[in-house]
C-alpha cells in the first residue's frame, strides 16, 4: 500500500498566442504548484478498481481511469490495482485536480507494475490525457509551451502564500473549450509577458504579483456572470491583484506576508465562502 499526494496548481501567467493547425491553441504559461493536495492510495489488486470520497467526482469520466488504461495499453497487459482517491482540490475550478490525479496515477502505477518507464516516456503519454498532465509530472514552477506538453522546469518561485476563493457556481460542461472559443484575436499575445516572468525567475530578481496575467480574464466574467461580484467582494475583504486560476472560476491572490494571508482567509471563512489557504511549493512539493 502506497499513499501519494497530488497537488493543485495556479497559472502565474497564461497567454494564448493563437490557434494551431491541429485545432488546439498555442499557449505560453508559467504554472506553479501549491500545497493543496488530493490523496491517492494505491494497493495491489488483480483488477483495476477506483473509489472516491466525493460523490460528485465521477471516476468513469475522469482522467485517472484514462491514465490507467493508457499505461495498460503501453504495457500490453491488463494489470490491476485498487486506487482510493480523497478529494480536497475543488472540482472543475481551474486548479488542475483531475490532471494532477492522472499524473499521480501514471507515476505510481508505473512503479507498482514495475514497468520501468522513464519520466520522458511518461511525458510522451501525458498529452493524450490533457494539457496540464505533463506539468504535474514536474511540479514546482515551470514554463509550459505548445498545447501544454512542452515543460521546462524553472527556479522555485520565492515562497508566497495563496488565498483561494471558489464561487459556488454550477459545473459548466466544456468550460475550457468555451473560454477558448470566446477569445478574440485581440486577446492573443506574443508570449512576452511570460518570457519577462521567466527571466525574473531565472535571474533571481524581485517577483511581484503585478507580473501575473491570465488572458481568460478577458472573457470569463461574461461566461460566469456573477464572477465579478465575487472578485469585487474578495477585494473588499482585503485581497489584491486578484486573478483567475486557470480556466476558473476559482480566484486567487498571492501574498508574501503569512499574517495578512491568514487574516484574509479567516475573513472569507467567517462569511462562509469556500476558500483555501496554501503555500507555493518547489518541485519537492509535487507528486509525492
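Observations
- One residue stands out in the range 75-92 among those that are modelled with pLDDT under 95 and surrounded by 16 or more Cβ atoms within 10 Å (Cβ to Cβ): the one that is farthest from residue 171 (Cα to Cα), namely 75.
- Residue check for residue 152: in a loop (DSSP other than H, G, I, E, B), over 30 Å from residue 269 (Cα atoms) and modelled with pLDDT of 95 or more: no
- Against the criterion of being surrounded by fewer than 18 Cβ atoms within 10 Å (Cβ to Cβ), over 23 Å from residue 3 (Cα atoms) and out of contact with any helix residue (DSSP H, G or I) (no Cβ under 6 Å at 6 or more places or on another chain), residue 252 does not qualify.
- Selection from the range 130-148 of residues that are outside any strand (DSSP E or B) and under 14 Å from the mean Cα position of the chain (by Cα): 130, 131, 132, 133, 134, 135, 136, 137, 138, 139, 140, 148
- Taken together, the criteria exclude residue 29 from residues that are part of a helix (DSSP H, G or I) and within 30 Å of residue 193 (Cα to Cα).
- Test: residue in the range 103-111 that is without any contact (Cβ under 8 Å) to a residue 60 or more places away in the chain, within 21 Å of the chain's Cα centre (by Cα) and either within 20 Å of residue 36 (Cβ to Cβ) or surrounded by fewer than 22 Cβ atoms within 10 Å (Cβ to Cβ) (or both): no
- Residue that is touching a strand residue (DSSP E or B) at 6+ places or on another chain (Cβ under 6 Å), surrounded by 17 or more Cβ atoms within 10 Å (Cβ to Cβ), closer than 30 Å to residue 67 by Cα and modelled with pLDDT of 95 or more, where the choices are 165, 157: 165
- Among (1) out of contact with any helix residue (DSSP H, G or I) (no Cβ under 9 Å at 6 or more places or on another chain); (2) under 14 Å from residue 132 (Cβ atoms); (3) at pLDDT below 95, the one test that residue 95 misses: (3)
- All of 71, 91 fail the test of being farther than 20 Å from residue 212 by Cα and under 13 Å from the mean Cα position of the chain (by Cα), apart from 91.
- Subset of the range 263-284 [without any contact (Cβ under 8 Å) to a residue 40 or more places away in the chain and part of a helix (DSSP H, G or I)]: 263, 266, 267, 269, 270
- Residue match in the range 263-282 (condition: under 21 Å from the mean Cα position of the chain (by Cα), modelled with pLDDT of 95 or more and on the phi > 0 side of the Ramachandran plot): no
- Scanning the range 29-74 for residues that are out of contact with any strand residue (DSSP E or B) (no Cβ under 6 Å at 6 or more places or on another chain), within 25 Å of residue 14 (Cβ to Cβ) and surrounded by 15 or more Cβ atoms within 10 Å (Cβ to Cβ) yields a total of 6.
- Per-region count, the range 13-28, residues surrounded by fewer than 14 Cβ atoms within 10 Å (Cβ to Cβ) and modelled with pLDDT of 95 or more: 0
- The lone criterion from (1) at negative phi; (2) crowded, with 21+ Cβ neighbours inside 10 Å; (3) touching a strand residue (DSSP E or B) at 6+ places or on another chain (Cβ under 8 Å); (4) not in a helix (DSSP H, G or I) left unmet by residue 246 is number (1).
- Positions within the range 190-242 being touching a helix residue (DSSP H, G or I) at 6+ places or on another chain (Cβ under 9 Å), assigned to a loop (DSSP other than H, G, I, E, B) and closer than 19 Å to residue 159 by Cβ, in sequence order: 205, 206, 207, 208, 212, 239, 240, 241
- Once the range 209-229 is narrowed to residues that are over 21 Å from the mean Cα position of the chain (by Cα) and surrounded by 12 or more Cβ atoms within 10 Å (Cβ to Cβ), the residue that is farthest from residue 94 (Cα to Cα) is 229.
- Selection within the range 155-178 - within 15 Å of the chain's Cα centre (by Cα) and assigned to a loop (DSSP other than H, G, I, E, B): 166
The values are calculated or read from the model by the stated rules, or taken from the named source; none is laboratory data. Just so it is clear, the structure is predicted and the values come from calculations on it, not from any experiment. Neighbour counts are summed over all protein chains in view; Cβ atoms, including those assigned to glycine, are modelled from backbone coordinates with ideal geometry.
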